[in-house]
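> The following block contains the structure, expressed as structure tokens.
The values are calculated or read from the model by the stated rules, or taken from the named source; none is laboratory data. Please read these numbers as outputs of a predicted model, since none were measured by experiment. Please note: Cβ atoms are built from the backbone with ideal geometry, for glycine as well, and neighbour counts cover all protein chains shown. When the accessible area is computed, the model is the full protein with side chains, heavy atoms only, and any ligands, DNA or RNA have been set aside. Shrake-Rupley method; radii C 1.70, N 1.55, O 1.52, S 1.80 Å.
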Amino acid sequence: MTPTSSTLTGKTPASDVSASPLTAGANVTDAQNTAHVQRDAEAAKAKVARSALILVLLATCALAMKGLLAKFVYATGMTVDGLLLLRFLIAMPFFWFGVWMFGKNRPGERAMRPADMIWGAAYGGLFFSASLCDFTAVSIIDVTVSRIVLFSFPAIVMILEALHRWRFPPLRQIFCFLITYCGLILVVAPNGVSLVSDHVWQGVFWSFASALTYACYLYFSQRKINVIGSMHFSALINTVAGISMVIYELIVEKPLHLNMSGVLWTAGISIFCTVIPFFLLFEGIRRIGATQASLISLSGPALTFFAAWLFLGETLSPIQLAGFAVVMVGVASLKNKMTLAGFGRLLARPFQGPAA
């Protein structure tokens, strides 16, 4: 093609000049459309985050009520064994119903195999032991104190990880561990260790045993959860725990003292403090991620403390309250590598609208 004179002289043809404003206008329109799509996407993301926050908070509230409702069960005359036996047997079919309804085609979920049953027996046994120790502790000491001791399980997970990997924990984790258990001492023995009654020590022992077995269950079961999915895994370990409870009761032959009021309270624990919170928490984690969900769940002991004060009249002394705050800070620091400012920003994130 022969170049025109305008091209040779460096001038822009008239047709090009007339087309430039149209092209520029189209580019501006495209940019505005892209910005609008981005704002819509951010708004939708914020809406999902807010809904996830609500789901996790509801699950945390329901789980916090478990120990409180157990006190009402014991008040009817039912024993720990009666409560646990009914709780597992009532919850079991609901978990499998959830797997049938939601877990078959869900990403990360697969049908179980014979090898899964073997591992499920081990993890279900740990879960059963943790539940037995937990409800035994609640039958002996105040709900608030037992929850705070149980809440120390992340510190035990830290020790398990260090032993499993044959490495010394980072200094930050050791410092957080010491803070957590200094707070526990303030909660358990506000007036000095020598003044703590044997009755309280017995309850603390069972609560710490629950924290230990629960930490083992959480730490060693993570790989299997990733393999078969959390819904199948939860149904499996609850089934194994229920079978373990039946075998345990046949061996020890402890009285159950079943009665209608106790059965109704136990049904409430099984459905509203076990099954439903699991599905709410699972959906919340799917939407918001495990990190932020774990931060929100830190409010569990505080919710238990408030409910125990409101319905059972349980109170903590000023020293115990200080210990409670120390435990919360220590556990929060163990579970998340962040500053308090970062903690606040993360909790506030679901409430933040789309960027301007």
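> With the Cα gyration tensor of segment 187-254 giving a ≥ b ≥ c as the square roots of its eigenvalues, does the rule (a/c under 1.5 for rounded; else a/b larger than b/c for prolate; else oblate) give rounded, prolate or oblate?
Oblate is the answer for segment 187-254, as a/c is 1.5 or above yet b/c matches or exceeds a/b.
> Right, something else. For segment 74-133, with only Lys/Arg (+1) and Asp/Glu (-1) charged at the beta-carbon, what is the dipole magnitude about the Cα centre, in debye rounded to 20? It would help to have the intermediate numbers written out before the result.
On the way: 5 positive and 3 negative charges, 50 e Å.
Rounded to the nearest 20 debye, it is 240 debye.
> Would you mind pulling out the separation of the Cα centroids of segment 163-185 and segment 79-156, in Å?
When both Cα centres are located, 26 Å separates them.
> Out of every Cα-Cα pair in segment 237-282, what percent are more than 12 Å apart?
On the way: 740 of 1035 pairs.
Considering segment 237-282, 71 percent of its Cα-Cα pairs are separated by more than 12 Å.
> Given a 1.4 Å probe and the protein chains all in place, what does the accessible area of residue 224 round to, in Å² to the nearest 10?
In the full protein context, residue 224 sits at about 20 Å².
> Which peptide among 170-182, 144-156 comes first, and what is the full order, when sorted by highest mean count of other Cβ atoms within 10 Å?
Details: 170-182: 15.7, 144-156: 24.6.
My ranking of the peptides, most packed first, is 144-156, 170-182.
> Let a ≥ b ≥ c be the square roots of the eigenvalues of the Cα gyration tensor of segment 105-252; is it rounded (a/c under 1.5), or, if not, prolate (a/b larger than b/c) or oblate?
On the way: a/c = 2.74, a/b = 1.43, b/c = 1.92.
Oblate, since a/c reaches 1.5 and b/c is not below a/b.
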